[in-house]
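Please read the structure below before turning to the comments.
The values are calculated or read from the model by the stated rules, or taken from the named source; none is laboratory data. On a predicted model such as this, the values are computed, not experimentally measured, just so you know. All Cβ positions, even for glycine, are placed from backbone atoms using ideal geometry, and neighbour counts span all protein chains on display. Accessible surface is based on the protein model in full, side chains and every heavy atom, while ligands, DNA and RNA are left aside. Shrake-Rupley method; radii C 1.70, N 1.55, O 1.52, S 1.80 Å.
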Amino acid sequence: MTRAQVLARIDHTLLAPNATQLQLEDACLLGHHLKTASVCIPSFFTGPCARMLADSPVKTCTVIGFPHGNHPLRAKLHEAEQALVEGAQEIDMVVNISDVKSGHWRHVRKEILQLTQMTHDAGQKIKVIFENCYLSQLEKIKLCQVCNEANVDWVKTSTGFGSSGATPDDVVLMREHSRSKIKAAGGIRDLNSFFQYCQLGADRIGLSRTAAILLEYDARFPSE
């Protein structure tokens, strides 16, 4: 995998609750300079991020219902609508984990369908975050099936704020049952892990340690 191919799979993330405006500017500058797939930020930062990336192929990605997913559907729809108006090109929404665990699949399906429809109507793309650390295997499979029905663009393993992040087994399971692309996120801290998740079928990798992993790549493959 070339350096450019590595960068094209990275959603460079700045999602810490204490992230500052200066850190947002640094994240956008880094994403812009390196040409990552996107810069992923809280919805509060969507407008400034979109403006800073306006002359770049790097997408503005924001999170909806983050990190716990237990917002009312109306609140999630309003948050997503505002983000899309402000320039979001990719929406990473967290499922209502409580509804999944309670078996309220009609509610889960409605939420995913409506948010996907809104995003696609705006000409943009959506990732659905499962937060797999809290789910059974059957719940993960069922979510993949619901996302297939909704025609989401990506299914995503984790927020990075749960009790654990991405696991190889989860990416394999999601690849088996999903027709969407896969995003792995949470706890991916070195180049070997990055390559592993790509080999297992992840098309996107959520990273906050983008610069460190790129340094590791350059040290290992200096000719690239």
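Points to keep in mind about this one:
- ILE182 exposes around 0 Å² of accessible area when a 1.4 Å probe is run over every protein chain in place.
- By accessible area with a 1.4 Å probe, ligands and nucleic acids excluded, highest first: order of PHE45, PHE221: PHE221, PHE45
- One entry in (1) 12.6; (2) 11.2; (3) 14.2 is mean projected area of the Cα convex hull in nm² calculated from the shown coordinates; its label is (2).
- 1.4 Å probe accessible area per residue over the chain, in Å²: 46
- Here the stretch 1-57 is treated as a sphere whose radius is the Kirkwood value from Cα pairs; by Stokes-Einstein at 10 °C and 1.306 mPa s it diffuses with a coefficient of 138 µm²/s.
- Set of lysines with alpha-carbon distance to LYS35 below 24 Å, sequence-local pairs under 8 removed: LYS59, LYS125, LYS127, LYS156, LYS181, LYS183
- Overall, the chain carries a charge dipole of about 400 debye about its Cα centre when +1 sits on the Cβ of Lys and Arg and -1 on the Cβ of Asp and Glu, all other atoms neutral.
- Annotation: extensible slack from GLU216 through VAL172 equals 13.3 nm (criterion: 0.36 nm per residue apart, minus Cα-Cα distance).
- Rounded to the nearest 0.05, the FRET efficiency derived from the C-beta distance between TYR134 and MET1 at R0 = 45 Å is 0.90.
- The accessible area of TYR134, taken with all protein chains in place and a 1.4 Å probe, comes to roughly 100 Å².
- Semi-axes of the equivalent ellipsoid for the stretch 9-124, computed as √(5λ) from the eigenvalues of its C-alpha gyration tensor and ordered from largest down, come to 27, 15, 12 Å.
- Euclidean distance between Cα centres, the stretch 25-54 to the stretch 122-193, Å: 23
- Computed [θ] at 222 nm, deg cm²/dmol, the chain (DSSP H ≥ 4; -39,500 (n - 2.57); rounded to nearest 500): -14500 deg cm²/dmol
- Share of alpha-carbon pairs per 5 Å distance bin for the stretch 118-224, given as whole %: 2, 13, 22, 22, 17, 11, 8, 4, 1, 0
- Full-stretch length increase - SER98, SER164 - with 0.36 nm per residue and alpha-carbon distance subtracted: 22.0 nm
- Sites LYS35 and ASN151 - FRET efficiency at Förster radius 22 Å, r taken between beta-carbons, to 0.05: 0.20
- Rounded accessible area of SER164 (nearest 10 Å², 1.4 Å probe): 50
- Accessible surface of the stretch 75-224, 1.4 Å probe, proportion on carbon and sulfur as whole %: 47
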